[in-house]
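For reference, the structure discussed in these notes is given below.
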Amino acid sequence: MNTTSAKRLALGYAAASAVALAATLGSATEVPEPVQTLENIAASIDATNDGVVAAAEHRDFTEVAFLSMDSDESYTIDGDEFFAWDMGFAHLADERGKASAYAQAKLDVFAVWDGDGDGVISSAEAREQALWEFTNADADGDGQVNARDLAIGSPTFATLLSFVWV
Ligand SMILES: [Ca+2]
Ligand SMILES: [Ca+2]
Ligand SMILES: [Ca+2]
């Protein structure tokens, strides 16, 4: 196992709570806010509005997110740029008194995306990690994922969600 694989697997600690969250997706009568946030994210990735996220949509979303994070236009994402970016989970972590745990989770996520550990996420690292996250989320291999798949199978979503889901 290489270092990158080891780091990727390290994010698996979030899986249990992500599964608990995912179990409510699409079944809860009253949609909890973290679930709604995740569903909103999936809907924003779903450019064709057909209710599923295809590999190309996931890749394009990652590219747009990368460019929007890269405020100094260096084509790399440093720690400050990464921490300034939020998908809507930060205030949920705050509300639940988990701000510091959430900050640690973001550090863990950054370390995974920075595959070579040089302190910045390159565009190649972002593409590679995004592809891996999609492939892992697409458990049945049909080339499409939904919010539930992302909550369970995307290490980044699973990790960030684990600190806003109580
Ligand atoms: Ca779609
Ligand atoms: Ca940058
Ligand atoms: Ca790097």
Inset, instruction - Quickly work out the GLU128-to-ASP60 label distance, labels modelled 7 Å from Cα along the C-beta direction, and quote it in nm with one decimal. - result: 2.6 nm
Inset, instruction - Write down the Kirkwood hydrodynamic radius of region 65-120, to one decimal in angstroms, obtained as one divided by the mean of 1/r over all alpha carbon pairs. - result: 12.0 Å
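Each value in this text was obtained by applying a stated rule to the coordinates, not by laboratory testing. All values derive from a computational prediction rather than experimental measurement. Cβ coordinates were reconstructed from backbone atoms using ideal geometry, including for glycine residues, and neighbour counts include every protein chain displayed.
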